[in-house]
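Peer 1: Please find one structure pasted underneath; my questions will follow.
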Amino acid sequence: MKVVTAAEMRQIDQDTIEGIGIPGIVLMETAGSAIVRAIKQHYPACKRIGILAGKGNNGGDGIVIARQLAHAGRDVHLFLLSSPESFTGEAYINLQIAKNLQLRIAEIHTDTALGVEKDDFLNHIASCELLVDAILGTGLRGEVRDPIATIINAINNLPIPILSVDLPSGLDADTGNPLGTCVQADRTVTIGLPKRGLLVHPGAERTGKLEIADIGFPEQVIDAQDIKVNWTTASQAEQWVPPRPSASHKGTYGRVFIVAGSTGMTGAAALASEAALRAGAGLVTLAIPKHLNPILEGLLPEVMTLPLPETNTGSLAASATSTILEFVERTKSVLAIGPGLSQNPETVTLVHQLIRENQEQKLSLRMVIDADGLNALAQSREALSFLNEDAILTPHPGEMARLTNTPISKLETDRISTAQQFANEHGVTLVFKGAPTVTGTPNGDVWINATGNPGMSTGGMGDLLTGIIAGLMAQGTSTEKAAALGVYLHGLAGDIASQRLGAHGLIASDVLKTVPEAISSMIQ
C-alpha cells in the first residue's frame, strides 16, 4: 500500500476533483460515511458523541459525521472550534446543511483563549462517551496555538476514547512529530492512503489503532504521483511468499552459506542458521572457527558446518577468504556475513576481502550483511563502495550511526529518509531495524513494516532476521522483496509468539519456532 506525504495527498485530492471530475463534496460525504461505519463497528454502545470540528476540510468531514450519526439516532454534539464565517468550500456547505437540520451546534472559539467558555465546554465534552477529533488536518503549518492547544490538552486528559479523522490533530503528517501539542487518539481513520507520520514514532503512538478508509481515489491518479514509500501489509507480503511445489527437493529451495560465530558468540551463528532453514532454504552451511565445530555440530543437526582457520581470540582468520569464496561460488549459495563474528582486526580484514573480491572477481554473489559484518564495513568506506544491488545491509540504529558517522538522534528523526538516502547513495538494499523497521532500495523505493512488537527487543532477534532474509533469497526471491518480506515475516513470527507467551521475557528461540507457522498463515 502506498504511503503519502501531505503534499502528495493534496495533489491526489486535487487531481481527483479537477482532473477526474469527482466533486469535492462527494469525496467529503464518502469520507464521513466511512468514518461513521467505523464508529458503528468499534463504538456501538457510545450514544452521546462529541464532534470537534475545525474550519478546514478535516472539520468538514467532522460535520458530515455529526449529521450522519444524528440521522442514525446518536446523541450528537457538534463543537465548532473556529467561527462559522471562517468555514469555506465544502466545509461551509456542510455547515449550512447541519444548521438547516438544526443539529446541536456550539461555537467554542475566541481570538486568544477559551476564556469563560472553557468550563461549559469541558463539562459538555466530559459527559460524552466518544469524542471525534476533526480539528486539524494535513494542512497544519507550524505549532498548534491557543485556543486549539488548550482544547487538545483538555481532551487528552479526559478518560474518553478519541477517534481522529485522517490524523490526530497537531501531528506532522510527514514526520510523525507533534507540532507543539497533539491529540492522543485511541483510533485513527485515515482517508484514502496512510500518511507517513502515522506509521513512524512518535506519530504511531499518537495514532492508536489505524484504519484506512478507501473513498475511491482512482488508481491512475495515485499512480501518476510516482509514490516511492510503501507499507508492507499482509495482502502485499502474501504475494511474495515463494512457492512450494509438490514436485521438489532440497536443491529446489537453494543454499545459504553463513559466515558467523566466535568464542562466546556461538548462539548468533546457530540462530541465523536455523532461521534460514525455517524460512524455507533447502540447505544451510555454517562457516565457523574450527574450535567451535564440535559445539555447533551437536547443536545444529540440520545444518552443515565448515570449520575454518581461526585467530588467537577464537574468531575467523583472514586466510579463510579463498575457501569461503570457492565454496559459495561452487554451490551458488547466498552469503550471509556477520552474526557473532567479533571485531578482531583479522576478522574485519576477512569481511573486507570477501566483499572486495566478490566485485573484483565478478562473482555476483547475493549477500546479507549484519552485526559485525556491518561493524567491519564501518571501518572502511572503500569496502562499502564494493557492494552492489544484490547486497542487503541490516543495521540497527547503533550500527547505522557507525556506518554513516551520524548521531542516532538525527537518524531517528526521519527513519524513512535515512533508509531511502543511504540505499540510493550506495546502491544497496538497506534494512534499517527499529520501530518500525524501514527498508530502502537502490531505486528509491521504501517499505515500512507493519509487524513486530516490543517483546522482540532482546538479543538474537537480528540474527534471526539475517537468516530469514538469506533463506528467502536462496529460494529465488528478489533482493528487494526478500528484504521487505523477511522483515514482515520476522515481525509476524514475533507477534504470534508474543500472543502466546506475552511480550515480557520473549526470546529469539521462541520466535524461531513460530516462523513456519507465520509463513503458513500467509499462504492459507
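Read-outs: derived from the displayed coordinates by stated rules, not from any lab. Quick caveat, the model's predicted, so the values are computed rather than measured. Quick reminder, even Gly has a Cβ in these numbers, built from the backbone with ideal geometry, and neighbours come from all protein chains shown.
Peer 1: Please figure out what share of the DSSP beta bridges in the chain is antiparallel and state it in percent, rounded to the nearest 5.
Peer 2: Values: 9 of 61 bridges.
Bridges in the chain that DSSP calls antiparallel: roughly 15 percent.
Peer 1: Quick one: of the DSSP bridges fully inside the stretch 371-490, what percent are antiparallel, nearest 5?
Peer 2: 75 percent
Peer 1: State to the nearest 20 debye the size of the charge dipole of the chain about its Cα centre, where the only charges are +1 on K and R beta carbons and -1 on D and E beta carbons.
Peer 2: For this selection, approximately 860 debye.
Peer 1: How would you rank 385-393, 399-407, 487-495, highest first, on the average number of other Cβ atoms within 10 Å across their residues?
Peer 2: By packing density, highest mean first, the sequence is 487-495, 385-393, 399-407.
Peer 1: Could you tell me what percent of the DSSP beta bridges with both partners in the stretch 151-236 are antiparallel, to the nearest 5?
Peer 2: 10 percent
Peer 1: Please give the Cα centre distance for the stretch 287-360 versus the stretch 395-472, rounded to the nearest Å.
Peer 2: 24 Å
Peer 1: Still on this structure, please answer the following. Taking 1 over the mean of 1/r across every pair of different Cα atoms in the stretch 237-523, what Kirkwood radius in Å do you get? Please list the in-between numbers first.
Peer 2: Working: mean 1/r = 0.0541 Å⁻¹.
Radius from the Kirkwood sum: 18.5 Å.
Peer 1: While we're here: So for each of 500-510, 63-73 I average, over its residues, the number of other beta carbons within 10 Å; can you give me the resulting order with the highest mean first? Working shown, then result.
Peer 2: Details: 500-510: 14.5, 63-73: 21.1.
Per-residue mean Cβ counts within 10 Å order the peptides as 63-73, 500-510.
Peer 1: Whole angstrom only: what separates the Cα centroid of the stretch 497-524 from the Cα centroid of the stretch 45-95?
Peer 2: What the calculation gives is 44 Å, centre to centre.
Peer 1: Nearest 0.05, what FRET efficiency do A247 and E425 give at R0 = 41 Å with Cβ-Cβ as r?
Peer 2: 0.40
Peer 1: Full-extension gain between A126 and E329, please, as 0.36 nm times their residue separation minus the C-alpha to C-alpha distance.
Peer 2: Here the answer is 66.2 nm.
Peer 1: Give me the Å³ per residue figure for the convex hull around the C-alpha atoms of the stretch 6-227.
Peer 2: 110 Å³
Peer 1: Moving to a separate point now. Which pairs, out of K55/K410; K2/K209; K99/K209; K195/K228; K332/K362, put more than 23 Å between their alpha-carbon atoms?
Peer 2: K55/K410; K99/K209
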